[in-house]
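Got a structure here, written out as structure tokens. Questions coming.
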Amino acid sequence: MLWAAALLVIVLTLAYRRASLPLSCCVLGLLLAAYWVLGTAPEWWKATLTVPYALLILLNVRPLRLRLVTRPFLRSYRRLLPSMSATEREALDAGTVWWDGELFTGGPDWQKLMSAKAPTLNEAEQAFLDGPCEDLCAMLDDWDITHVRADLPPEVWSFIKSNGFFAMIIPKRYGGLEFSAYAHSCVLAKIASRSGTASSTIAVPNSLGPAELLLHYGTDAQKNHFLPRLARGEEVPCFALTGPRAGSDAASIPDTGVICKGRWQGADIIGIKLNFSKRYITLAPIATVVGLAFRLFDPERLMGGVEDLGITCALIPRDTPGVSIGRRHFPLNVAFQNGPIQGVDVFVPIDAIIGGFAMAGQGWRMLVEQLSVGRCISLPSNATGGAQAAVYASAAYARIRRQFNMPIGRFEGVEQVLARMAARTYIMDAARSVTAGAIDGGEKPSVPSAMLKYHSTEFGRMIANDAMDVHGGKGICLGPNNYLGRGYQIVPVAITVEGANILTRSLIIFGQGAVRCHPFVLREMNAARNPDHDAGALEFDRALMGHVGFAISNAARSAILGLTLARFTRVPQTGATARYFQHVNRYSASFALATDVAMLALGGYLKKKETLSARLGDVLSAMYLASMVLKHHENQGRLPEDLPLVEWACRSLLYQAQEQLHLFLRNFPNRPLAAFMRLLIFPRGLTYFPPSDRLGRDIADLIMHPTAARERLSRDIYKTQESHNPVGLLQEALVLSTMAESLEKRIRVDGIKTGRIGALDLPGQISEALHIGILSEAEAAVLRDYDAKVSKLLAVDDFAPQELGAGRAG
Ligand SMILES: Cc1cc2nc3c(=O)[nH]c(=O)nc-3n(C[C@H](O)[C@H](O)[C@H](O)COP(=O)(O)OP(=O)(O)OC[C@H]3O[C@@H](n4cnc5c(N)ncnc54)[C@H](O)[C@@H]3O)c2cc1C
């Protein structure tokens, strides 16, 4: 027994510490030698034990290992390896691997994350936020935009163009603002807190589109021509990929460009004849230049290369003959410009291709590469700005709106809703700002971009629903006084664009992550595809040996961390947050184990088992988001006041990680393997709990008072106190509410309960309280002022019948 226990401890320690094969052989050799000398077991048993040890030793001899293990395995592996198109390979190669890669290791190196620079704004960026961005927010009247005009007013359009809102990513040498990713994100968040129409309009030219593509792939002539014009707002761009037959499966676009001879500006040239039908294209109705994705063919080999060149991106001026553009879609009452574009036999020169003919067929790679940055910014920032405004407004509203003689926010049911809104907003803010910081540090994080896109928009949807519930009828009745309705309506747009969410969760997050971020899988795949079979086998051998050790180590780590609840793992912080780091360590090991077993057992079939893949993606996302929360808390100076938000966020995320792992195991098709994994992943069962009600109450309290934590949580939004900004006015009322509540209490206790005051409404009660001396003149004035402000904020709009419906006056 003692020897068996010693063997178990030594094997687990070697595996946990990721000891190399030679070192493991030495240590096990010493143990075996000691057993031979000191052990009391019969000789035949000792000899039996020597056999597996000898095999282990032989594994160290590479030529032998290559011949007996690696090459036979590689042959089967090649047969099983799903074929991959160049397009898919390009998608996989796009972007960089960042913190997501660490989470795949089973033992993340926290120093890498914690030592990253906190995102900051430079002077010019701060001045832009405080100047033009504030001014733009003040100009925006979302009811006028969405209901009356179904467009931004002309003065807003010209303000946007002339102040460079469309040029945040364009370098200064071309006349752009050249903002950091973080500044870009803050600008979008602020505008989104005011108007979804304006923020979507501004997001598009700064995201994946002509400017971004030109910057990275354009020829000098194209850059010099278009970028200054785009920066000045003289050109309005759109980017057209989606069509009636190609939505989520965008690489299947049937739109064609055929290289042929034709006439262009009076001369005979070799150009491209385009036929296409696109829809849902943002800014298309007013765009002057269309970035177009199509499949390029050269049937007559006029350019001397292959016939099917592949997906290509070109810039097509709006007024090119054959282009039909200008009609509008109407996306859920949000009035940003969006519409279809068709082209019939549109002839353009070859140099319309972004990057010239050298980039023909490179369109898909260009798109996926740039998506890895753009997807981290536009939608996550818009969703975060919307969420910050929703929680800021809802908490104040819950304080000033009374029912049953209490602010509704004091009821436990509402309290818990406010708490989850706030904590989710904290997660969104943490994820988008820390990831933007990483982009500014040179990363192009493709897997995090999918996680951010998916979770920010999903949290945005939950927060929009919660805000509606907290506001009741006030959120439902549209009109100039409704500050929630349009934000609620725009949610499905964010869910659908830049990779629809079901697809992103089911196919992309884990599917791309498993190959891209796993320390060995991509190396193995590349080695297996190496046409030089000898070099491929050597590389495959190195990766395979690493992979086997990695899998054994993660099994051991998972079991040990599961048994100890990761209490003894090293983390970068002590105190209240230390345990969350430790739990991420634990789930990282379990996740790495589950990933390897799933890939080994299911192979290519895992791609079809979308729900399993989605759940593993959820675990990865939960760890990623929890890490972002911890880093964000650190970046903000580890303020104790924010701890309830940090704790709620981490607890709910890590609980999700546990639940999704549990559901993954419950649904894993190979039941014995599932049972084996469960033993290693949950040796003590499901021990992690979601946030407590008490924590929820603390958060609700934090945001229903004018605290610094409340301000930090909603730091990006437009909250200026002016008569057209309900968010600012709600804050004003919230500040007054502390004093008003104590006066109202006096009226209730000294007046109503004693029967000295009989009025049913507050204005009447104030008059009576003044009359009988419960309130002084000054106190009555304060309370009347507060009541008037609150009544205005609680008001909803109504309309004469003719103001609504088809015949309404504009
Ligand atoms: C308002 C708006 C603005 C847009 N702006 C632009 C733009 O500027 N330029 C542009 O090119 N495009 C734009 N789009 C298009 C957008 O990117 C597409 O709508 C999106 O790719 C989804 O395509 P689809 O709407 O055809 O849905 P479908 O592809 O038909 O998908 C429907 C549902 O099926 C799910 N689904 C599909 N395949 C899978 C799968 N394999 N596994 C799991 N689920 C799956 C999707 O997640 C989705 O929920 C815009 C769309 C909208 C609505």
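The values are calculated or read from the model by the stated rules, or taken from the named source; none is laboratory data. What you are looking at is a predicted structure, and each value in this text was computed from that prediction instead of being measured. For neighbour counting, all protein chains shown are included, and Cβ atoms are generated from backbone atoms with ideal geometry for every residue, glycine included. What goes into the accessible areas is simple: the full protein's heavy atoms, side chains included, and nothing from ligands, DNA or RNA. Shrake-Rupley method; radii C 1.70, N 1.55, O 1.52, S 1.80 Å.
Could you state the accessible area per residue of region 697-810 in Å², with a 1.4 Å probe and every protein chain left in place?
That works out to 51 Å² for each residue.
With +1 on the Cβ of every Lys and Arg and -1 on the Cβ of every Asp and Glu, and nothing else charged, how large is the dipole of region 688-788 about its Cα centre, in debye rounded to the nearest 20?
Working: 12 positive and 16 negative charges, 68 e Å.
Result for region 688-788 is approximately 320 debye, rounded to the nearest 20.
Can you tally the net charge around Ala494? Count Lys and Arg as +1, Asp and Glu as -1, for every other residue whose Cβ sits under 12 Å from the Cβ of Ala494.
Taking every other residue near Ala494 into account, the sum is +1.
Please give the contour-minus-distance gain from Val51 to Val749: 0.36 nm per residue of separation, less the Cα-Cα distance, rounded to one decimal in nm.
Once the chain is fully extended between Val51 and Val749, it gains 242.6 nm.
So, one more: Show which aspartates and glutamates lie in cross-link reach of Lys745 when reach means a straight Cα distance below 15 angstrom and same-chain residues fewer than eight apart are skipped.
List returned: Asp761, Glu768, Glu779, Asp787.
Roughly how big is region 147-200's charge dipole about its Cα centre, with Cβ charges of +1 (Lys, Arg) and -1 (Asp, Glu), in debye to the nearest 20?
Charge dipole of region 147-200: 80 debye, to the nearest 20.
Measuring with a 1.4 Å probe in the full set of protein chains, what accessible area per residue, in whole Å², belongs to region 467-609?
Value returned for region 467-609: 39 Å² of accessible area per residue.
Turning to a different aspect of this structure: If you count only protein heavy atoms with a 1.4 Å probe, what accessible area per residue comes out for region 123-277, rounded to a whole Å²?
About 37 Å² of surface per residue is accessible.
Determine ³J(HN,Hα), in whole Hz, for all residues of region 597-608 in sequence, where each value follows from phi through the Karplus function 6.51 cos²θ - 1.76 cosθ + 1.60 and θ = phi - 60°; x replaces Gly and Pro.
5, 4, 5, 5, 7, 9, x, x, 5, 4, 4, 7
Tell me the net charge near Met303. Cut-off is 13 Å between Cβ atoms, Met303 excluded, with +1 for each Lys or Arg and -1 for each Asp or Glu.
Working: positive: Lys261, Arg301; negative: Asp298, Glu300, Glu307, Asp308, Asp351.
That sum, taken over residues with Cβ under 13 Å, equals -3.
May I ask for log10 I(q)/I(0) of region 428-560 at q = 0.11, 0.13, 0.16 Å⁻¹, from a Debye sum over the Cα atoms as equal point scatterers with solvent left out?
For region 428-560, the Cα-only Debye profile gives -0.64, -0.78, -0.97.
Just the number, please: carbon plus sulfur as a percent of the accessible area of region 75-169, 1.4 Å probe, no ligands or DNA/RNA counted.
The nonpolar share, carbon plus sulfur, comes to 52 percent.
While we're looking at this one, here's another question. Put +1 on the Cβ of every Lys and Arg and -1 on every Asp and Glu Cβ in region 570-698; which of Leu679, Ala589, Pro644 then has its Cα farthest towards the positive end of the dipole?
Checked the options; the winner is Leu679.
What ranking do 52-65, 546-559, 524-537 get when scored by the average of other Cβ atoms within 10 Å per residue, highest first?
Final packing ranking: 546-559, 524-537, 52-65.
For the chain, how big is the tail of P(r) above 36 Å, as a whole percent of Cα pairs?
It works out to 54 percent of all Cα pairs.
Taking 0.36 nm per intervening residue step and subtracting the Cα-Cα distance, what contour gain separates Arg67 from Glu722 on full extension?
Details: separation 655, 0.36 × 655 = 235.80 nm, distance 7.74 nm.
Gain on extension, Arg67 to Glu722, equals 228.1 nm.
Which chymotrypsin sites (Phe, Trp or Tyr not before Pro) from region 1-38 combine a DSSP loop assignment with at most 15 other Cβ atoms within 10 Å?
none
Can you run phi through the Karplus equation (6.51, -1.76, 1.60; θ = phi - 60°) for region 135-142 and list ³J(HN,Hα) in whole Hz, with x for Gly and Pro?
4, 4, 4, 5, 6, 7, 10, 5
Where nothing but the Cβ of Lys and Arg (+1) and of Asp and Glu (-1) is charged, how large is the charge dipole of the chain around its Cα centre, in debye to the nearest 20?
Dipole of the chain, to the nearest 20 debye: 2780 debye.
Which whole-number value in Å³ per residue fits the convex hull of the alpha carbons of region 223-372?
On the way: hull volume 18.7 nm³, N = 150.
Given the Cα convex hull of region 223-372, per-residue volume reads 124 Å³.
Any chance you could list P(r) for region 339-414, counting all Cα-Cα pairs in 10 angstrom bins from zero, rounded to whole %?
Over region 339-414, the share of Cα pairs per 10 Å bin runs 14, 20, 20, 14, 12, 11, 7, 0 percent.
Normalise the Debye intensity by I(0) for region 532-663, one equal point scatterer per Cα, no solvent, then take log10 at q = 0.13, 0.22 Å⁻¹ and round to two decimals.
Calculated log10 I(q)/I(0) at the listed q: -0.64, -1.26.
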